[in-house]
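A quick write-up on the structure given underneath.
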Amino acid sequence: MGAARLIIVDDEKDLLELLVNRLKRKGYDVDFAENAEDAISLLQNQFYDIAIYDIRLPKMDGITLLKETKKIQPEIQVLMLTGHGTIETAIEAMKLGAFDYLAKPYNLTELEIAITKAVENKTLIEKNDSMRKIIKQHNSFQIIGKNPHFKALLELTERVANSDVPVLIEGESGTGKELFAKALHYWSNRAEEPFVAINSGALPEQLLESELFGHVKGAFTGANQDKKGLVEAANGGTLFLDELGEMPLVLQVKLLRFLETGEFRRVGDVRERKVHVRTVGATNRHLEKEVANGNFREDLYYRLNVVRLTIPPLRERKEDLTLLIHHFVKNGKTLSPEAMATLQKYHFPGNVRELHHLLERGVLLSKGDTIEADDLLLANVQKVNLKDVTTYQLCTLEQLEKEHIEKVLSEVEWNKTKAANVLGVSVRNLYRKIEQYQLKEK
Ligand SMILES: Nc1ncnc2c1ncn2[C@@H]1O[C@H](COP(=O)(O)OP(=O)(O)OP(=O)(O)O)[C@@H](O)[C@H]1O
Ligand SMILES: [Mg+2]
């Protein structure tokens, strides 16, 4: 790209003049307008790489201008300037395809950094467009679903993939949170950079901090040499923080700072380091509740919540069930109508992962090409379940879990490997649950 071409729209004349002069001095070609209507006529006559819009404009506002811009020049990278307390508008702008937003008051350096990023993004898009398409297909993971809500999620994912803004993915266990996190990565211009995942709930606080940010030699007993953290390993790519709701509060402070500036310190180090990563967090908890309960920092929640993908549970998108079944059952096998009906009735506490495991087992157990209801093992469990549907809907999740585990265990005659397989959890995890609920073979 030669000199990048910018269009700036702001109704504050003095500020506008200042910006235009400054950016021209930096070597950009700059056009400007004081209202959306003038901006649109400029857009109809000239191609731009970057657009910078104030959200508050007279008559037609910045959001409407953003929409119009995307119709006229879809490739343009739009930066939005937002005022105080307009976080909803910022979210809306990101959904409509804005590249990034800056909250006022911002300083010129921040603006210049944002512009540089947008220019880099545009250059990459142009260079990698065909490349990206290949990668997109090459990463043969497919996200299946035609439920309207689910499709809207996919669209949003695609739209925000290239932006740097953090994304929060919420959904029950097995709904596809990690799959969406990967989509955000592989559908972006970071596809060839690393995708690094870490489970924030699996490690004690100190170890987690050192995993995440690294440590220097002597930082703690056993730290025999300097170690890079995962944020450094993810530089240029995506950091996926799984089970984010379980992150210790002390680390949440450090994470917030990292999200805001890209800066961090290795454990035991005095030096600041900086990387550029896109952070995606996932949780199967209700983070808003965790905030209310004091387990999750409110400021971090707001920082993460600009773009939120909430994946609906499988039982709420029954139209996807058939699609997913066809996706998972291959080798010319089919399901008997009875098996199909059984699945349609089932409530899938383990969502898509559970369906996948269930069908894998069904394929194994089936004798001919047809998978019968009995091959799903679920059949008997389900028959029992159906009788007390009402109690099920009214009992706690824990009770439900306990009863379900108990039923599966008795169904497979307490073979724990089999039971873990059915439940879609590790054997270790199952042992923990058996202990927790004090389950005993009868
Ligand atoms: N829409 C979908 N299309 C195809 N496969 C899917 C879909 N949703 C989930 N899967 C598959 O289901 C399995 C579980 O998905 P994933 O690991 O992303 O779930 P998760 O929400 O991260 O679960 P957990 O909360 O247990 O970590 C994976 O094998 C994934 O590929
Ligand atoms: Mg997961």
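Take the residues of the stretch 1-21 that are in contact with a helix residue (DSSP H, G or I) (Cβ under 7 Å, 6 or more places away or on another chain) and open to solvent by less than 70 Å² (accessible area, probe 1.4 Å): which is modelled with the lowest pLDDT? This residue is 4. Which of the residues belonging to the stretch 4-58 are basic (Lys, Arg) and assigned to a helix (DSSP H, G or I)? If the condition is that a residue be basic (Lys, Arg) and assigned to a helix (DSSP H, G or I), then 13, 22, 24, 25 are the ones that fit.
The lone criterion from (1) in contact with a Phe, Trp or Tyr (Cβ under 7 Å, 6 or more places away or on another chain); (2) surrounded by 14 or more Cβ atoms within 10 Å (Cβ to Cβ); (3) among the small types (Gly, Ala, Ser) left unmet by residue 51 is number (1). A Cβ distance below 6 Å, combined with a sequence gap of six or more or placement on separate chains, defines the contacts here; from the stretch 261-272, residues that are more than 21 Å from residue 207 (Cβ to Cβ) reach residues that are among the hydrophobic types (A, V, I, L, M, F, W, C) and buried (at least 16 other Cβ atoms within 10 Å of the Cβ) in the pairs 262/275. Among the residues in the stretch 77-89, are any surrounded by 13 or more Cβ atoms within 10 Å (Cβ to Cβ) and in a helix (DSSP H, G or I)? Yes: the stretch 77-89 contains one or more residues that are surrounded by 13 or more Cβ atoms within 10 Å (Cβ to Cβ) and in a helix (DSSP H, G or I). A Cβ distance below 6 Å, combined with a sequence gap of six or more or placement on separate chains, defines the contacts here; from the stretch 361-374, residues that are closer than 21 Å to residue 345 by Cα and without any contact (Cβ under 8 Å) to a residue 40 or more places away in the chain reach residues that are of a type outside the set (Asp, Glu) and open to solvent by 60 Å² or more (accessible area, probe 1.4 Å) in the pairs 370/334. Within the stretch 92-103, the set of residues being open to solvent by less than 50 Å² (accessible area, probe 1.4 Å), within 15 Å of residue 61 (Cβ to Cβ) and not hydroxyl-bearing (Ser, Thr, Tyr) comprises 93, 96, 98. Of the candidates 201, 245, 222, the single residue that is away from ligand 1 (no atom under 16 Å from the Cβ) and modelled with pLDDT under 95 is 222. Examine the stretch 322-345 for a residue that is within 12 Å of ligand 1 (Cβ to nearest atom), assigned to a strand (DSSP E or B) and crowded, with 17+ Cβ neighbours inside 10 Å, and state whether such a residue exists. Checked the stretch 322-345: no residue is within 12 Å of ligand 1 (Cβ to nearest atom), assigned to a strand (DSSP E or B) and crowded, with 17+ Cβ neighbours inside 10 Å. Among the residues of the stretch 270-291, those identified as more than 25 Å from residue 114 (Cβ to Cβ), open to solvent by 20 Å² or more (accessible area, probe 1.4 Å) and of a type outside the set (Lys, Arg) are 270, 284, 286, 288, 290, 291. Among the residues of the stretch 277-301, those that are closer than 29 Å to residue 233 by Cα, assigned to a helix (DSSP H, G or I) and more than 16 Å from ligand 2 (Cβ to nearest atom) comprise 298, 299, 300, 301.
The residue of the stretch 141-167 that is most open to solvent (accessible area, probe 1.4 Å), among those that are within 7 Å of ligand 1 (Cβ to nearest atom) and not hydrophobic (A, V, I, L, M, F, W, C), is 142.
Could you tell me whether the stretch 54-66 includes any residue that is within 30 Å of the chain's Cα centre (by Cα), of a type in the set (Ser, Thr, Tyr) and open to solvent by less than 40 Å² (accessible area, probe 1.4 Å)? No, the stretch 54-66 contains no residue that is within 30 Å of the chain's Cα centre (by Cα), of a type in the set (Ser, Thr, Tyr) and open to solvent by less than 40 Å² (accessible area, probe 1.4 Å).
The values are calculated or read from the model by the stated rules, or taken from the named source; none is laboratory data. All values derive from a computational prediction rather than experimental measurement. Because the Cβ atoms are built from the backbone with ideal geometry, glycine has one as well, and the counts that use them run over all protein chains shown. Ligands, DNA and RNA are stripped out before the accessible areas are found, and what is left, the full protein with its side chains, is counted by its heavy atoms. Shrake-Rupley method; radii C 1.70, N 1.55, O 1.52, S 1.80 Å.
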